[in-house]
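This report refers to the structure that appears directly beneath it.
The values are calculated or read from the model by the stated rules, or taken from the named source; none is laboratory data. Remember, it's a predicted structure, so these values are computed and weren't measured experimentally. All Cβ positions, even for glycine, are placed from backbone atoms using ideal geometry, and neighbour counts span all protein chains on display. Just the protein is used for accessible areas: all its heavy atoms, side chains included, with ligands, DNA and RNA removed. Shrake-Rupley method; radii C 1.70, N 1.55, O 1.52, S 1.80 Å.
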Amino acid sequence: MGPLTSRLAGLYGRRGWIAMGVFAAIVFVVIPLLRLAVPPDHPLHVSDYYLLLLGKFMCYAMVALAMDLIWGYAGILSLGHGLFFALGGYSMGMYLMRAIGTEGQYGSHLPDYMVFLDWKEFPWYWAGSEYFALAVLKVLLVPGLLAFVFGWFAFRSRIKGVYFSIITQALTFAFMLLFFRNDTGFGGNNGFTDFKRILGFSLAEPGTKAALMAITGLFLLLALLACRYIVVSKFGRVLAAIRDAESRTMFCGYNTRHYKLFVWVFSAVLCGIAGALYVPQVGIINPGEMSPANSIEIAIWTAVGGRGTLIGAAAGAGIVNGAKSWFTMAFPEFWLYFLGALFIVVTLYLPRGLAGLFARRRDAA
């Protein structure tokens, strides 16, 4: 067994690897079989609605992992991670819009909204968007480069704490206003929708939907392993030292700016990947995804699940969004009140979230 394999095997104990194996079996085998092989009238059949819901929750779990990596381990609270999620979604959405071809309402190679606005050709920044490989490259580079430029100036100026949070919120709000404009070429208020296919496969086919869900589960597992690899390494210990006492860490000879910049960019890229997986499953991306309220919700997922736990943050995303799905159907007018009350209760009585509560009960037993 090589050094890398040994380190990977040591990321989790026996129970952890068993849990991940069970999750993989459910996502890669059980759910697709229940969707594709079980008749629709059977009680065990998984409908498109629940398949979509599971795919969405796993995308949100990846975003929660990204937030936990910078907030729970580096002490950097971002209120703008919804921006990176949306930019990844728009990068993939541009490819999906080009894949529609001439099947739009106007029969043009341009998207319908461009024809409606009397555009004659694609803007320069749409160049190459018809190629999937370039779309994947944009998914990684667009959020990553924006995070790098922003983080370089912010960390160089030693902006942190509540000031950093406010600036990230202002950044995502500014981009939301920009993308709402029709002359930017991103569909304005309506964004991108009415996707037809991806890599030649119809998005309406049950097999494509099941495959997208399984691929999302694979990336969630890879993201969890990557984040775990970072936090248990020497790099992760330095991040924890920066979180707890940045000045002392600097006095020990560490350039904290480089550490924070790396984890900040990695977190943004992870959000971009989640957004790219989200869009073909949900079928729409618009500037509403950049809403500051969405970024605040991401912080709430992490706090509810448990800061500094990774798996707790991912579970928190599923729990909060599951509650949201039920509340918005049963009691839509009370959802925001419930969300606010949940955050207050967790802050006052469960500072380590639900993961911390389970850990205390396990230790007590």
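What the table shows:
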item: Positive minus negative residues near I198 (Lys, Arg vs Asp, Glu; Cβ under 13 Å); result: +2
item: Chymotrypsin sites (Phe, Trp or Tyr not before Pro) restricted to the range 117-185 and DSSP loop, no more than 13 other C-beta within 10 Å; result: Y131
item: Dipole of the chain [Lys/Arg +1, Asp/Glu -1 at C-beta], most positive-end residue of S233, P32, L51; result: S233
item: Residues whose placed amide H lies under 5 Å from that of F201, excluding near-sequence neighbours; result: none
item: In sequence order, calculated HN-Hα J values of the range 163-178 (Karplus, 6.51, -1.76, 1.60; Hz; x Gly/Pro); result: 5, 5, 4, 5, 5, 5, 5, 5, 4, 5, 5, 5, 5, 4, 5, 5
item: Of L171, L225, L336, the one that fluctuates the most in a GNM where the chain has Cα springs shorter than 10 Å; result: L336
item: Mean accessible surface per residue for the range 15-137, computed with a 1.4 Å probe while every protein chain stays in place, in Å²; result: 46 Å²
item: Computed FRET value (nearest 0.05) for R361 with L218, which takes r as the C-beta separation and R₀ as 51 Å; result: 0.95
item: Around D48: net Lys/Arg minus Asp/Glu count, Cβ-Cβ under 13 Å; result: +2
item: Mean accessible surface per residue for the range 288-365, computed with a 1.4 Å probe while every protein chain stays in place, in Å²; result: 54 Å²
item: Listed residues L222, L354, L77, most fluctuating in the chain (Gaussian network, C-alpha, under 10 Å); result: L222
item: Kirkwood Rh in Å, taken over all unlike Cα pairs in the range 52-154; result: 15.8 Å
item: Spacing of the two label points (7 Å from each Cα toward its C-beta) at A293 and V136, in nm; result: 3.6 nm
item: Whole-Hz ³J(HN,Hα) from phi, Karplus 6.51 cos²θ - 1.76 cosθ + 1.60, for the range 117-129, glycine and proline x; result: 8, 6, 7, 9, 7, 6, x, 4, 7, 8, 4, x, 6
item: Reciprocal mean inverse distance between Cα atoms of the range 163-310 - Kirkwood radius, Å; result: 18.1 Å
item: Whole-percent carbon and sulfur share, accessible surface of the chain, 1.4 Å; result: 67 percent
item: Unit charges on C-beta of K, R, D, E only; dipole of the range 159-298, Debye; result: 560 debye
item: Karplus 3J(HN,Hα) series, Hz, for the range 66-76 with 6.51 cos²θ - 1.76 cosθ + 1.60 (x for Gly, Pro); result: 4, 5, 5, 4, 8, 8, x, 10, 10, x, 9
item: Where a label projected 7 Å from the Cα of A240 along Cα→Cβ would reach, residues of the range 330-359 with amide N under 16 Å; result: 352, 356
item: Shape call, the range 247-365: gyration tensor on alpha carbons, a/c limit 1.5; result: oblate
item: Given 16 as the ceiling on other Cβ atoms within 10 Å, longest exposed-site-free region of the chain for GluC sites (Glu not before Pro) in DSSP loops; result: 131-365
item: G104 long-range amide H proximity, modeled H, under 5 Å; result: none
item: When each of K56/K160; K56/K196; K138/K234; K138/K196; K234/K260; K56/K234 is checked by Cα-Cα distance, pairs over 22 Å; result: K56/K160; K138/K234; K56/K234
item: Within a Gaussian network of the chain (alpha carbon springs, distance under 10 Å), most fluctuating of A25, A135, A214; result: A25
